[in-house]
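What follows is a single structure, written as structure tokens, with notes after it.
The values are calculated or read from the model by the stated rules, or taken from the named source; none is laboratory data. No experiment lies behind these values; they were computed from the predicted model shown. Note that we place each Cβ from the backbone using ideal geometry, even for glycine, and neighbour counts take in every protein chain shown.
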Amino acid sequence: MTLLRTMTLVVLCVSIVASRDVVKAQAPQQLSPHAAQQFASDSEKAASGDPEAAYRVGEALESGRLGGVKDLKKALSYYRFAALKGHQQAAERVAQIQAELEQSQKK
């Protein structure tokens with residue numbers, strides 16, 4: 001029984017140490033001052049109706065450039081806004097994301 005407890009403890013310790021890197025990789029990263037300023041500027045411009053700025057905000061939210069945080073729902077809303085204002089790349093991203101979401105719902 002002591003051997004079983006020892007093996008269980010070793011496996012637990014190894015899994016904790018091994019998973020530490022995974023958790024660290026997924027943790028939000030600090031945003032650089034320049035990136036934060038750019039995002040704030042783009043967000044403000046998007047709110048004022050700038051389709052290019054809305055597209056950039058959508059890209060940042062989709063890719064996780066904002067400190068490692070990804071938000072596909074918000075990205076899609078910014079892409080849709082930009083697409084409604086005539087931004088071709090945003091319209092393409094809306095179509096691609098919607099197709100991917102439909103595929104994932106079918107599975």
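In segment 74-88, of all residues being in a helix (DSSP H, G or I) and either over 19 Å from the mean Cα position of the chain (by Cα) or among the acidic types (D, E) (or both), the one that is surrounded by the most Cβ atoms within 10 Å (Cβ to Cβ) corresponds to A83.
Across segment 39-58, the number of residues qualifying as surrounded by fewer than 18 Cβ atoms within 10 Å (Cβ to Cβ) and touching a residue at least 12 places away in the same chain (Cβ under 8 Å) comes to 4. For the residues E102, E52, E59, the requirement of being modelled with pLDDT under 95 and either more than 28 Å from S32 (Cα to Cα) or among the charged types (D, E, K, R) (or both) singles out E102.
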